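Novice: Encoded as structure tokens, here's the structure I'll be asking about.
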Amino acid sequence: MAHGEACGGDAGKVKGEAREIPDEITDEILLRLPSRSALARAAAASAGFRALVSSPRFLRRHRALHRDPGSLLGVFTSSLTDDGEGTGFHPAEPPQPAAAAASAVAAAADFSFAFLLSDPSSADGWMVRDCRDGCFLLDRVAAGAERGTVFTELAVCDPLSRRYALLPPIPEDLAATIDGVLNVFGGRRACEPFLGPADADASDAESPPFTVFWTARCQRKLAAFAFTSRDGRWRALPSPECFIWRRHRSPFSCPMNTVWNRRHYAHGRFYWVDCLTNRWLVLDARAMEVTLAVIPSPAGYWEEHVAVVEAPGGEVGVFAHDFHHPGGKADLHYYTIVQDAGGAQRWQLEKTIPLPWPGACHRPFCVRGAANGCLIIEVSEEMPAFMASHRVRDAELFKIDVKSFQLEKICQARCAGGAAGQCCWPYFGFPPSLSLPTV
């Protein structure tokens, strides 16, 4: 009995010591959990764990360490119609594993952005222009502003925390350098602002910094400015003056908006792809510069049938499908951009994915958006989205990612916008309990 008591006493002593592991050690152990779903399970097991993993500092460190964008919770679509029909968040539906979290986010967030300041004298309401990492960029035409559709008011918003930041106007000395701007979005805007990628080095920051890029399509070049909340300043980005290309169609010097409205992102760089001239416009968010690359593409692709995605290992991937489907058979092709021994870049075919919708079927499909290695495809009973302009329609939204290449239905949605317009964004995030303010 004495021996048993001694053993029991030692076991109790060891157990008591285990409970006294310092918080900083526990913190480092929990940081190594691979996903926020694993964090949620740990939080459910212990009140102490819950306090650690729900702190903003811990969550930012975890996201920076694992580059975890969260689950695909749904898709946000924006309509350019006057009544706004078709604008809103479409949460993922069962059997998607994130359906419960998506439903919670849909209930907790204000995707109408009613918390934004309104101005009755404004010539236009707030319009969603971009979405990234749970953060939205909106703009509006200021009342009585000269060149109002060129230099709009900008706001960075978090619909879950209902926080926002209004950006200062672009300084007059920078604005004076912009001339001959061409319209986008049916003439409602003459600028293209968008959000930069999250700063991975700011994991300990109380308020995460953000970057906004402002671009305009001029006749001889792409004009580009960048704003960072770190110093609250706008700055000009160098851009090559080479967009008047004789004997070539240039999307940056003609009314054709298909290329311009389809902006892509992968691993710190934004891309605009011109399949006809094999030219890629590249905005490097780290180097803060705009360059031009020549990457010959396979014949037969239209820009609205192409989506650049983040591939594993830092590679740039491309999903594309043909306009004409021989024999009525529709396929989706996946390429990576590779570099040969001489330094030239090219598309390399990696995989062909058969699609369940025949090309001649009355259920046409189109590429609508991409983020975090995930492609969004719209399937509609009506005419193809690239022919539908901004008409609202009933549709089903599907996804394919670069790891599984499995086609999965996300949800049914009332959609607006066309394939040639940037009006559809995948929304990645976390349950409200593990979400952080992005502004």
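The values are calculated or read from the model by the stated rules, or taken from the named source; none is laboratory data. Just so it is clear, the model here is predicted, and its values are computed rather than measured. Using ideal geometry, Cβ is built from the backbone for each residue, glycine included, and neighbour counts are taken over all protein chains shown. Note: accessible area is taken over every heavy atom of the protein model, side chains too, but ligands, DNA and RNA are not part of it. Shrake-Rupley method; radii C 1.70, N 1.55, O 1.52, S 1.80 Å.
Novice: Which residue pairs have Cβ atoms closer than 7 Å, lie 6 or more positions apart in sequence or on different chains, and pair a first residue in the stretch 288-316 that is within 27 Å of E241 (Cα to Cα) and in contact (Cβ under 8 Å) with a residue 40 or more places away in the chain with a second residue that is assigned to a helix (DSSP H, G or I) and open to solvent by less than 70 Å² (accessible area, probe 1.4 Å)?
Specialist: Cβ pairs passing all conditions: E303/T258; E303/V259; E304/T258; E304/F386.
Novice: Tell me, which residue of the stretch 138-181 that is outside any strand (DSSP E or B) and of a type in the set (V, I, T) is modelled with the lowest pLDDT?
Specialist: So in the stretch 138-181, the residues outside any strand (DSSP E or B) come out as 141-152, 159-162, 167-180.
Remaining after also requiring of a type in the set (V, I, T): 141, 149-150, 152, 170, 177-178.
Numbers: V141: 89, T149: 85, V150: 91, T152: 93, I170: 95, T177: 91, I178: 89.
Top of the filtered list is T149.
Novice: Exactly one condition in (1) open to solvent by 30 Å² or more (accessible area, probe 1.4 Å); (2) at pLDDT 80 or above is not met by I337; state its number.
Specialist: Condition (1) is where I337 drops out.
Novice: Does D231 fit the bill of being acidic (D, E), outside any loop (DSSP other than H, G, I, E, B), modelled with pLDDT of 90 or more and exposed (fewer than 15 other Cβ atoms within 10 Å of the Cβ)?
Specialist: no
Novice: So, one more: Would you be able to tell me the number of residues in the stretch 204-227 that are exposed (fewer than 15 other Cβ atoms within 10 Å of the Cβ) and modelled with pLDDT of 95 or more?
Specialist: 0
Novice: Among the residues of the stretch 299-315, write down those that are open to solvent by 50 Å² or more (accessible area, probe 1.4 Å) and in a strand (DSSP E or B).
Specialist: Scanning the stretch 299-315 gives no hits.
Novice: Checking the structure you have, find out if any residue of the stretch 270-281 is of a type in the set (F, W, Y), open to solvent by 10 Å² or more (accessible area, probe 1.4 Å) and over 26 Å from T228 (Cα atoms).
Specialist: No, because not a single residue in the stretch 270-281 is of a type in the set (F, W, Y), open to solvent by 10 Å² or more (accessible area, probe 1.4 Å) and over 26 Å from T228 (Cα atoms).
Novice: Of all the residues that make up the stretch 132-152, how many are hydroxyl-bearing (S, T, Y) and more than 30 Å from L436 (Cα to Cα)?
Specialist: Final tally of qualifying residues: 1.
Novice: Got a number for residues in the stretch 161-199 being touching a helix residue (DSSP H, G or I) at 6+ places or on another chain (Cβ under 9 Å) and open to solvent by less than 40 Å² (accessible area, probe 1.4 Å)?
Specialist: Adding up the residues that qualify gives 3.
Novice: Consider the stretch 264-287. How many of its residues are touching a residue at least 24 places away in the same chain (Cβ under 8 Å) and in a loop (DSSP other than H, G, I, E, B)?
Specialist: The number of residues fulfilling the criteria is 6.
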